[in-house]
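Asks: First the structure, then my questions, so here it is.
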Amino acid sequence: MNLILLEPEELADDGTAVLSGPRARHVREVLRSEPGAILRVGLIDGPMGTATVLENAPRLKLNCELNEAIPPRPRVDLLLAMPRPKVLNRLWPVLASLGVGRVIISNAWKSERNYFDTHVLEPAHIRKGLIEGLQQARDTRLPLVTVHRQFKKLMEDELDVFGPYAAKILAHPADKDFPQKELAALPVDSRILLAIGPEGGWTHFELEMLTSHGFTAASWGPRSLRTDTACAVLLGLVHAALR
């Protein structure tokens, strides 16, 4: 935990915050911070700064100074075909730590319909996983998450609301290499949408639909990857190009 994130309601008007649970245990047992110690803290979707430990037992009381700028929202959004629930459960903190502005969960032909009944899509569970990733990566910007059970409706009626995008990349075996040079040449305020399909791959219909809505197929290499590995590799390539 490289940053302690605070919910807005936890921060009092005088700048103090009283915490319990895993964050307090981490400060007490892992960081072993005594009163007077300085910690890195941030407000969810707000600024970061430092906090002085006022008390650490039986409660953790902090005096916070959030005097840094609010971090920009990551420029990359992810369109992700609904994976197996246990994979998605692992992915929430990973996606937040890698840096995504929005996660668009979509149905796909090779995604099982009962995957959408899982508890890992419940807002409270999603938020917990994302906050875990943000605290690791020292970021405060909580990714936005939407869930779409109808792929065709998403493509035709809903996707444009999330843009505009300067580039839409479809991760799929193709003759074209991953467009890192093209991404590096984009304006600094442009946004990118990366689409990663199910482990069984997109169907021909889905590929045609994605292509007709501006996606360009690109491949990182000859190996087929699992969903969580593909997300880490491809998001890493995109962010490396944008830097």
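Asks: Considering Leu142, Leu154, Leu130, Leu183, which residue is over 19 Å from the mean Cα position of the chain (by Cα) and at pLDDT 95 or above? Quick ask: steps written out before the conclusion?
Replies: On the way: Leu142 fails: over 19 Å from the mean Cα position of the chain (by Cα); Leu130 fails: over 19 Å from the mean Cα position of the chain (by Cα); Leu183 fails: at pLDDT 95 or above.
Checking each option against the conditions leaves just Leu154.
Asks: Return a yes/no flag: does region 110-122 have any residue that is touching a Gly at 6+ places or on another chain (Cβ under 6 Å) and modelled with pLDDT under 95.
Replies: yes
One line per residue, one yes/no per condition, for (1) surrounded by fewer than 21 Cβ atoms within 10 Å (Cβ to Cβ); (2) assigned to a helix (DSSP H, G or I); (3) assigned by TED's automatic domain parsing to the domain that holds Leu210:
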position: Ile105; (1), (2), (3): no, no, yes
position: Phe116; (1), (2), (3): yes, yes, yes
position: His125; (1), (2), (3): yes, yes, yes
position: Lys128; (1), (2), (3): yes, yes, yes
position: Gly133; (1), (2), (3): no, yes, yes
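Asks: Now a separate question. Within region 23-39, is even one residue within 30 Å of Leu170 (Cβ to Cβ) and not in a strand (DSSP E or B)?
Replies: Scanning region 23-39 turns up no residue that is within 30 Å of Leu170 (Cβ to Cβ) and not in a strand (DSSP E or B).
Asks: Could you check how many residues of region 134-151 are touching a helix residue (DSSP H, G or I) at 6+ places or on another chain (Cβ under 7 Å) and within 30 Å of Leu207 (Cβ to Cβ)?
Replies: The qualifying residues number 6.
Asks: Kindly indicate whether Leu80 is under 30 Å from Pro187 (Cβ atoms), at pLDDT 95 or above, in contact with a strand residue (DSSP E or B) (Cβ under 8 Å, 6 or more places away or on another chain) and not assigned by TED's automatic domain parsing to the domain that holds Val188.
Replies: Here the answer is no, as Leu80 does not meet what is asked.
The values are calculated or read from the model by the stated rules, or taken from the named source; none is laboratory data. Not measured: the values here are computed from a predicted model. Ideal geometry is used to build each Cβ from the backbone, glycine not excepted, and the neighbour counts take in all protein chains shown.
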